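One structure is given here, and the rest of the page talks about it.
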Amino acid sequence: MAFGGTLWMLIYITIFLHLLLLVWGIYYNLARTRLPPGIGHPVALILFNFLVGYGFVLAGILEKLGICHRYSIVRAILLFIPKTKEPELIIRDLVFDGVPVRVYWPKTSPAGNRKGIIFLHGGVGLFASIRTSERICRSIAHQTDSVVMCVEFRLAPEHPYPVPVQDCLTAVIYFMKNAKEYGVDPSNIAIVGESSGATKATAICQELVTREDLPRVRAQVLVYPFLQAIDFNLPSYQQNQSISPLFRKRTVKLGLTYLTGKTMNVDRILKGAHIPPDLREKYQKWISADNIPEEFKARGYVPVAPAPFSEELYEQVKRGTETMFAPLLAEDDIIRQLPETFILTCEYDVLRDDGLLYKKRLEDNGVPVTWFHVQDGFHGVMCMAGLQSFEFPSTQKCLQNVIQFLKGL
């Protein structure tokens, strides 16, 4: 009887928690989230935002109960993404110098060595995996007739920065050194990154420009990249701070968890109190709303003065000024050596201006840039490729523009 009573109590508590989360989700969507105009399938975006918020809150509750850390739950939820099949590809899970990777080969017989494409997935270095980017990798391999290699790097908070990006660098170097063994032309390898994977792709391309023992990277493809942690009040951060799924505050919280391995209060960082005046002055030439075209300031941008500097706060996050974390801070002598670049930005994305600022820096240093701006896009829209109900009109628009660029190399 006692056991039965306890069981029913647990069931009631579970039902209550889910009802509470449901009420919270409805409130959050109605009261805090802004649905941008011009987005195709707005109902799908509302549902997607609800599911993302629901997952994060459930994960937070389980973490507070001591069951596991919140990102374990988010990773587990992502495992429910249905698998897909591609009969025209050969797929193998391998290990490159200690780093797990997945390699995709077209089954057709090539005339010679194929183009190589390295794909680095998003997820802020906290979640996502080879599996979550499988549809994109399959599409790229099949439609470009290329060998695609995707890296399964370790994740924070268990393995905070710089471990994930170092894992990627290790796998990239191994692949480039042994390209012919995998049927790849070493002179025709592109590095593609989506979201935080684009951050890693950018940083790795910068690292490799001085490596004389490796072939030169043919191109870098950066899909809505995070590139700097200096100014979180650029126009895109202001305009899109309440647009799902990458809210302004969520962006900084997740980024700092990746950087430090800890959950931090980000209120003063959002106001700029973490940057010393001398560094802010140094980086002003690269990171400033003055470098953003005027048409991107039209939706209510207001310049904001930074909060008073906090030495204590700076000490906690100062590695955020390293170029492996914030590639936009690289010096010009590195930037001008970078390969041909494709940058994709979305209008309704807090990270839009990072891409615009990097585009300007590359062009100012003579690097060829192809830029594609998705006027009805938001952060993460490309990773929904193949998810049917969650595919947006701009999903395939993003993916096909990336593929067309890669086919042209």
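Here, each number is a calculation from the coordinates, and none is a lab measurement. As the structure is a prediction and not an experimental result, all values here were calculated from the model. Neighbour counts are summed over all protein chains in view; Cβ atoms, including those assigned to glycine, are modelled from backbone coordinates with ideal geometry.
Please report the relative contact order for the range 84-409, taking Cα pairs under 8 Å with a sequence separation of at least 6, and give it as a percent rounded to a whole number.
Numbers: 647 pairs, mean separation 57.8, N = 326.
Across the range 84-409, relative contact order equals 18 percent.
Could you calculate the contour length gain from Leu279 to Ala307, that is, 0.36 nm times the residue separation minus the distance between their Cα atoms, to one decimal place in nm? Could the numbers behind the result be given before it?
Working: separation 28, 0.36 × 28 = 10.08 nm, distance 1.44 nm.
Gain on extension, Leu279 to Ala307, equals 8.6 nm.
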What net charge do the residues around Ile81 carry, taking every other residue with its C-beta under 10 Å from that of Ile81, with Lys and Arg at +1 and Asp and Glu at -1?
+2
Over the range 84-409, what is the percentage of antiparallel beta bridges among all DSSP beta bridges, to the nearest 5?
30
Among 310-316, 341-347, how do they line up from the highest to the lowest mean number of other beta-carbon atoms within 10 Å?
341-347, 310-316
Computed about the Cα centre, the charge dipole of the range 146-297 from +1 Lys/Arg and -1 Asp/Glu charges at the Cβ has a magnitude in debye, to the nearest 20, of 380
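Summing Lys, Arg as +1 and Asp, Glu as -1, what charge do residues with Cβ under 13 Å from the Cβ of Leu270 carry, Leu270 excluded? Don't skip to the end; give the middle numbers.
Values: positive: Arg248, Lys249, Arg250, Lys253, Arg268, Lys271; negative: Asp231, Asp267.
Around Leu270, the surrounding residues sum to +4.
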Here the FRET efficiency for Asp267 versus Ala111, based on Cβ atoms and R0 = 51 Å and rounded to 0.05, is 0.30
Placed amide H near Asp185: partners under 5 Å, 5+ positions off or other chain:
Arg114, Lys115, Gly116
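Among the listed pairs Lys64/Lys262; Lys249/Lys271; Lys297/Lys360; Lys85/Lys200; Lys360/Lys407; Lys271/Lys318, give every one whose C-alpha distance is greater than 19 Å.
On the way: Lys64/Lys262 14 Å; Lys249/Lys271 11 Å; Lys297/Lys360 16 Å; Lys85/Lys200 28 Å; Lys360/Lys407 24 Å; Lys271/Lys318 16 Å.
Checking Cα-Cα distances, Lys85/Lys200; Lys360/Lys407 exceed 19 Å.
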So what J values fall out for the range 149-163 if you push phi through Karplus, 6.51 cos²θ - 1.76 cosθ + 1.60 with θ = phi - 60°, rounded to Hz, Gly and Pro as x?
10, 10, 9, 9, 7, 5, 10, 7, x, 5, 10, x, 3, x, 4
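Find out how many positive minus negative residues lie around Val147, taking Lys and Arg as positive, Asp and Glu as negative, among other residues whose Cβ is under 10 Å from that of Val147. Don't skip to the answer; put the middle values down first.
On the way: positive: Arg114, Lys115; negative: Asp145, Asp185.
Taking every other residue near Val147 into account, the sum is 0.
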